[in-house]
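First comes the structure, then the notes that go with it.
The values are calculated or read from the model by the stated rules, or taken from the named source; none is laboratory data. Remember, it's a predicted structure, so these values are computed and weren't measured experimentally. Here the Cβ is made from the backbone with ideal geometry for all residues, glycine too, and neighbour counts use every protein chain on show.
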Amino acid sequence: MASEHQAVLQVDGYVRRPANLTVEDLSRLDRQWQIADVGQLVPGRQGRAVRLEGLLQYVNVEPAAHYLGLHAAVDDFHASIPLADVRASGILIYRLADGPLPADQGGPFRFLIPDPAACHAAEVDECANVKFIDRLELTSKKGHDNRPQDEQQHARLHEKDS
Ligand SMILES: Nc1nc2c(c(=O)[nH]1)N[C@H]1C(S)=C(S)[C@@H](COP(=O)(O)O)O[C@H]1N2
Ligand SMILES: [Mo]
């Protein structure tokens with residue numbers, strides 16, 4: 001097929017083996033990390049995902065990494081959350097059954113915490129389900145985070161969605 005834009009996920013920071021992963025690379029991660037149908041885990045969501053832990057092992061995360069930075073350059077949205085809180089449960093949705101994850105579902109790459117706190121009720125909240133991710137950054141201290149901090153900011157952000 002003619003040159004199709006290839007989505008790339010950059011994983012860097014406190015890792016021994018930084019990587020730039022394509023959808024194909026993600027689909028090749030060991031099957032123990034793959035979730036064939038996210039809907040089975042989180043009702044209402046769709047797609048195929050990999051577990052965060054699988055990504056962390058792939059890049060050989062350093063013990064000093066304590067925060068996970070979730071970056072979406074396209075709309076300048078960023079979250080930085082304690083790694084320990086999402087290490088066992090966080091997943092990255094990277095495709096649908098028959099193609100890329102569309103933007104209206106947060107594609108090409110979307111982070112999903114199966115059971116987050118309500119928006120701005122805790123550090124690991126629904127707002128940390130970052131869409132359009134192009135980079136995961138492991139840091140030792142909390143990094144850049146511009147999630148809405150109150151109802152007003154939140155309402156303003158969601159106005160842009162419609
Ligand atoms: N890139 C990006 N990701 C984002 C947002 C955003 O504005 N940009 N909004 C966040 C907020 S505040 C919420 S509550 C959830 C909403 O996701 P949903 O519409 O899929 O439930 O996405 C989060 N992810
Ligand atoms: Mo939110």
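Scan the strands (runs of 3 or more DSSP E) fully inside the range 76-149 and keep the ones with 2 or more residues being away from ligand 2 (no atom under 16 Å from the Cβ) and in contact with a Pro (Cβ under 8 Å, 6 or more places away or on another chain).
On the way: elements: 77-82, 91-95, 110-112, 135-139.
Here the list reads 91-95.
Quick check on my filter: what residues within the range 10-40 are more than 20 Å from ASP98 (Cβ to Cβ) and touching a residue at least 40 places away in the same chain (Cβ under 8 Å)?
GLN10, VAL11, ASP12, GLY13, TYR14, VAL15, ARG16, ARG17, PRO18, ALA19
Of all residues in the range 1-50, which are at pLDDT below 95 and among the polar types (S, T, N, Q)?
SER3, GLN6
Considering ILE133, ILE113, ILE91, which residue is within 13 Å of ligand 1 (Cβ to nearest atom), out of contact with any Phe, Trp or Tyr (no Cβ under 6 Å at 6 or more places or on another chain) and within 29 Å of SER27 (Cβ to Cβ)? If you could, list the steps in order and put the result at the bottom.
Working: ILE133 fails: out of contact with any Phe, Trp or Tyr (no Cβ under 6 Å at 6 or more places or on another chain); ILE91 fails: within 13 Å of ligand 1 (Cβ to nearest atom).
Exactly one of ILE133, ILE113, ILE91 is within 13 Å of ligand 1 (Cβ to nearest atom), out of contact with any Phe, Trp or Tyr (no Cβ under 6 Å at 6 or more places or on another chain) and within 29 Å of SER27 (Cβ to Cβ), namely ILE113.
Which condition from (1) more than 28 Å from ALA122 (Cα to Cα); (2) part of a loop (DSSP other than H, G, I, E, B) is the one that LEU26 breaks?
LEU26 satisfies all of (1) more than 28 Å from ALA122 (Cα to Cα); (2) part of a loop (DSSP other than H, G, I, E, B) except (2).
Given GLN34, GLN6, which one is of a type outside the set (Val, Ile, Thr), closer than 19 Å to ASP115 by Cα and either surrounded by fewer than 19 Cβ atoms within 10 Å (Cβ to Cβ) or over 14 Å from the mean Cα position of the chain (by Cα) (or both)? Full working, then the answer.
Details: GLN6 fails: closer than 19 Å to ASP115 by Cα.
GLN34 is the lone residue from the list that is of a type outside the set (Val, Ile, Thr), closer than 19 Å to ASP115 by Cα and either surrounded by fewer than 19 Cβ atoms within 10 Å (Cβ to Cβ) or over 14 Å from the mean Cα position of the chain (by Cα) (or both).
Please go through the range 41-72 and pick out each residue that is under 17 Å from ALA103 (Cα atoms) and surrounded by 12 or more Cβ atoms within 10 Å (Cβ to Cβ).
First pass over the range 41-72, keeping only residues under 17 Å from ALA103 (Cα atoms): 44-49, 70-72.
Passing the criteria: ARG45, GLN46, GLY47, ARG48, ALA49, LEU70, HIS71, ALA72.
When both residues are 6+ apart or on different chains and their Cβ atoms are under 7 Å apart, which pairs have a first residue that lies in the range 49-76 and is on the phi > 0 side of the Ramachandran plot, and a second that is of a type in the set (A, V, I, L, M)?
From residues that are on the phi > 0 side of the Ramachandran plot, the pairs are ASN60/VAL15.
Only residues that are within 16 Å of ligand 1 (Cβ to nearest atom), closer than 22 Å to LEU29 by Cα, among the charged types (D, E, K, R) and surrounded by fewer than 15 Cβ atoms within 10 Å (Cβ to Cβ): list them for the range 94-110, please.
Within the range 94-110, none qualify.
Residue check: is LEU55 farther than 12 Å from PHE132 by Cα and either in contact with a helix residue (DSSP H, G or I) (Cβ under 7 Å, 6 or more places away or on another chain) or not charged (D, E, K, R) (or both)?
Values: farther than 12 Å from PHE132 by Cα: yes; either in contact with a helix residue (DSSP H, G or I) (Cβ under 7 Å, 6 or more places away or on another chain) or not charged (D, E, K, R) (or both): yes.
The answer is yes for LEU55.
When the residues of the range 116-130 are filtered to those that are within 17 Å of LEU52 (Cα to Cα) and in contact (Cβ under 8 Å) with a residue 40 or more places away in the chain, which remaining residue is farthest from ligand 1 (Cβ to nearest atom)? Quick ask: steps written out before the conclusion?
At the first step, the residues of the range 116-130 found to be within 17 Å of LEU52 (Cα to Cα) are 116, 124-126, 128-130.
Imposing the further condition that a residue be in contact (Cβ under 8 Å) with a residue 40 or more places away in the chain reduces the set to 124, 128, 130.
Working: VAL124: 13, ALA128: 7, VAL130: 4 Å.
Taking the candidates together, the pick is VAL124.
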